[in-house]
Every structure is written in C-alpha cells, then in structure tokens.
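Since the structure comes first, as structure tokens, the remarks are kept for the end.
The values are calculated or read from the model by the stated rules, or taken from the named source; none is laboratory data. Treat the numbers as computed from the prediction; the structure is a model and nothing was measured. Please note: Cβ atoms are built from the backbone with ideal geometry, for glycine as well, and neighbour counts cover all protein chains shown. The area values use the complete protein model at the heavy-atom level, side chains included, leaving out ligands, DNA and RNA. Shrake-Rupley method; radii C 1.70, N 1.55, O 1.52, S 1.80 Å.
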Amino acid sequence: MFDFSIVTQWFDQLLQVTLGCPGWLAVLIECVLVGVAILVGYALIAIVLIFMERKVCAYFQCRLGPMRVGYWGLLQVFADVLKMLIKEIFFVDRADKLLYAVAPMLVIIGSVGAFSFLPWNNGATVLDFNVGVFLLTAISSIGVVGIFLAGWGSNNKYSVVSAMRGAVQMISYEMSLCLCLITAVILTGTMQMSGIVKAQENSWLIFKGVAAIPAIIAFLIFLVAGNAEANRGPFDMAEAESELTAGHHTEYSGMGFGFFYLAEFLNLFIIAGIAATVFLGGWMPFHVAGLDGFNQVMDYIPGIVWFLGKTFAVVWLLMWVKWTFPRLRIDQILKLEWKYLMPLALINLVLMTVCVALSLY
C-alpha cells in the first residue's frame with residue numbers, strides 16, 4: 001500500500017534542500033500546514049456528520065429530512081453554519097465570565113487533540129507517539145473539564161445539573177473505554193496507533209484466533225461506552241431537552257454554542273475512528289489467509305478509503321442505536337457502567353491476558 005511518509009519526506013527535502021530553509025523554519029511551516037489541514041478536515045467531517053445525522057434520523061422516523069436548501073437539502077448545513085457565525089455572542093449576567101469563555105475552548109481543544117491521533121493512512125498519522133493510547137485518553141479527558149466549567153460558569157441551575165450529569169457519566173465510562181483499549185494493547189503489544197494498525201496486517205483483531213473472542217467483547221463494550229462518552233443517545237441524559245432545555249450549553253450562543261455542537265459530532269467520529277483503528281484494522285485492508293489474488297485486489301484500495309469506510313460504518317451503527325432506543329435515566333446509565341460493563345471489561349482483560357500468554361492468536 002502507498003506510504004504517505006514518502007510525500008512528507010519529499011516536502012521536507014523541498015523546503016530544506018531545494019528552497020534552502022533553515023531547519024526551524026521548515027518545521028514551523030510544516031506544523032502550520034498540518035494544523036490547517038487538521039482544522040479543515042475537522043470542519044468538513046463535522047458538516048458531513050451533521051447532514052448524515054439529519055438524514056439518518058429522518059429515515060428512521062419515515063421522513064425526508066432537510067430538502068429545501070440546495071438539491072436534496074445538501075446546502076442546509078452551510079446555511080446553518082453561516083447563521084451561527086453571524087449570531088451575536090453575549091455574556092450572561094452574574095455568570096463567571098472567565099469560566100464561561102474558557103469552557104467551549106477546552107471542549108474543542110480536547111476534541112481536536114483526540115482527532116489528531118487518528119491514523120488516516122500508512123504514514124499519515126499526525127500524532128504518533130509510542131504511548132499514543134495513553135496520550136489519546138488523557139487529551140480526550142479535557143472535554144470533561146470544559147463541560148463542567150460550562151455548567152458552573154453559566155450560573156444556571158439547569159446547566160449545573162446537566163454538567164454534573166455529563167461529568168459523572170463521562171468519567172465513569174472512561175473506565176470501560178480504557179480497559180477495552182488496554183485489552184487491545186495487550187494483544188498487539190504496542191501503545192502506538194500506527195503499531196496497532198500494523199499488528200493487524202494479516203488479520204484484524206476481531207479475527208485473531210481464540211483471542212478474537214475477548215477482542216470482540218472489548219469491541220462491543222467500547223461501542224457502548226464510547227456512545228456514552230460522547231453523550232449520544234440513549235445516553236444523552238445530560239442534554240435531556242424536556243428537563244434541562246439544552247443542557248450545559250443552554251446559555252451559549254453563536255460560536256460558543258457552535259464549539260459544543262462541533263465537538264459533539266466530532267467526538268462521535270473520534271470514537272468510531274478509534275474503534276475502527278484498534279479493532280477493525282484502521283487503514284489496513286481486509287485480507288484472507290491463502291487468497292493471495294483477493295488480498296492483492298484489496299491492497300489496491302487506498303488506505304484512507306478503508307479507514308473512512310470502516311469509521312462511517314461504525315458512525316452509522318451508533319446513529320442507528322441513538323434513534324432506536326429510548327433515553328435512559330441517570331441511575332440506569334451509571335448502573336450499566338459500574339455493575340455490568342466495567343466488571344465485564346475487567347474479566348475480559350484477564351481473558352485476553354491468558355490468550356496472549358498461551359499464544360492463542
């Protein structure tokens with residue numbers, strides 16, 4: 001498969017050798033270009049996800065969804081973005097102005113930071129550290145602080161209740177998420193995102209012999225916990241409209257609200273992307289042992305197509321879950337995590353350790 005690092009090395013040589021840029025300037029230019037690419041990709045995927053959410057919701061409710069702005073409603077999201085950009089940003093009376101302003105920034109920083117860890121193709125991973133899984137979980141946890149500060153800083157009782165619900169839910173389900181990732185790390189033997197993908201060169205984690213059993217269990221737990229971590233239905237009690245109006249971002253308008261809105265949809269994509277990377281091979285194509293001709297055909301499909309295809313398949317599955325199951329109560333949400341998911345994830349972790357110790361993969 002094509003190695004994107006060839007392009008990055010060529011561009012680095014172009015700056016330093018051909019154009020004669022000093023090392024620090026070449027690194028600065030590369031960092032700026034990579035940052036711009038991340039933000040553009042972040043925004044484009046958010047637009048796609050918002051439109052997809054509306055159409056999937058409409059499909060499950062036997063509706064058409066947005067149809068008036070543009071062909072098949074394709075320009076509706078762009079109209080909403082324009083409206084959000086020109087809306088007035090106001091501050092709430094008696095609110096903590098510092099916390100009120102910082103909260104949406106923390107949420108979007110945590111989301112963009114986690115987004116940067118996704119491996120798009122061979123050699124196309126922005127942040128690829130040897131402790132990538134650890135850093136990914138640490139950076140993504142920043143969003144919890146932003147949500148709590150948004151509710152507390154708004155000086156609104158509905159926002160405070162929502163922030164408390166959201167914080168306790170996200171902190172709780174991070175336990176199961178981390179245990180599932182540790183299960184995959186034990187099987188692959190690395191915490192580096194690109195290393196986890198390359199460890200699935202011959203077969204994805206959910207197809208690795210006897211070890212596939214705990215891998216599949218970890219994958220299913222990860223999907224449930226990830227849905228709750230992203231505050232998606234049926235785990236969206238923090239944004240229960242009938243009780244808390246809009247939740248922790250009730251008092252936000254304009255781009256302040258837009259940051260929360262973007263982060264919610266991109267967190268869905270990040271959860272799906274991590275699931276596709278860790279358990280479904282990421283950008284690695286589907287290979288069948290013994291079918292060399294079939295495997296060669298699969299190798300012709302670009303890695304980014306494999307990654308996006310798997311990720312959006314998981315996104316569609318999570319949207320299906322949201323628009324199918326009713327919203328859970330906060331006590332049911334916490335009971336599911338602490339009484340069922342986390343003990344099951346711990347047992348599954350031990351099972352995976354036994355499989356690796358006995359080389360059953």
Find all pairs meeting these conditions: Cβ atoms under 6 angstrom apart; at least six residues apart or on different chains; first residue within the stretch 228-257 and open to solvent by less than 10 Å² (accessible area, probe 1.4 Å); second residue charged (D, E, K, R) and assigned to a helix (DSSP H, G or I).
R232/K322; G233/K322; A238/R165; G247/E239
Regarding the stretch 311-322, can at least one residue be identified that is at pLDDT below 95 and at positive phi?
no
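Among the candidates F294, F279, which residue alone is in contact (Cβ under 8 Å) with a residue 40 or more places away in the chain and either surrounded by 14 or more Cβ atoms within 10 Å (Cβ to Cβ) or not β-branched (V, I, T) (or both)? Quick ask: steps written out before the conclusion?
On the way: F294 fails: in contact (Cβ under 8 Å) with a residue 40 or more places away in the chain.
That would be F279, the only listed residue that is in contact (Cβ under 8 Å) with a residue 40 or more places away in the chain and either surrounded by 14 or more Cβ atoms within 10 Å (Cβ to Cβ) or not β-branched (V, I, T) (or both).
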Scan the stretch 13-25 and give yes if some residue there is closer than 24 Å to S116 by Cα, open to solvent by less than 60 Å² (accessible area, probe 1.4 Å) and modelled with pLDDT under 90, otherwise no.
yes
Condition set charged (D, E, K, R), part of a helix (DSSP H, G or I) and in contact with a Gly (Cβ under 9 Å, 6 or more places away or on another chain), scope the stretch 309-347, selection least open to solvent (accessible area, probe 1.4 Å): answer is K310
Among the residues of the stretch 2-17, is there at least one that is over 27 Å from G273 (Cβ atoms) and touching a residue at least 12 places away in the same chain (Cβ under 8 Å)?
yes
Those residues of the stretch 72-97 which are open to solvent by 90 Å² or more (accessible area, probe 1.4 Å), among the charged types (D, E, K, R) and modelled with pLDDT of 85 or more amount to K83, K97
Determine whether A218 is out of contact with any Lys or Arg (no Cβ under 8 Å at 6 or more places or on another chain) and open to solvent by 10 Å² or more (accessible area, probe 1.4 Å).
no
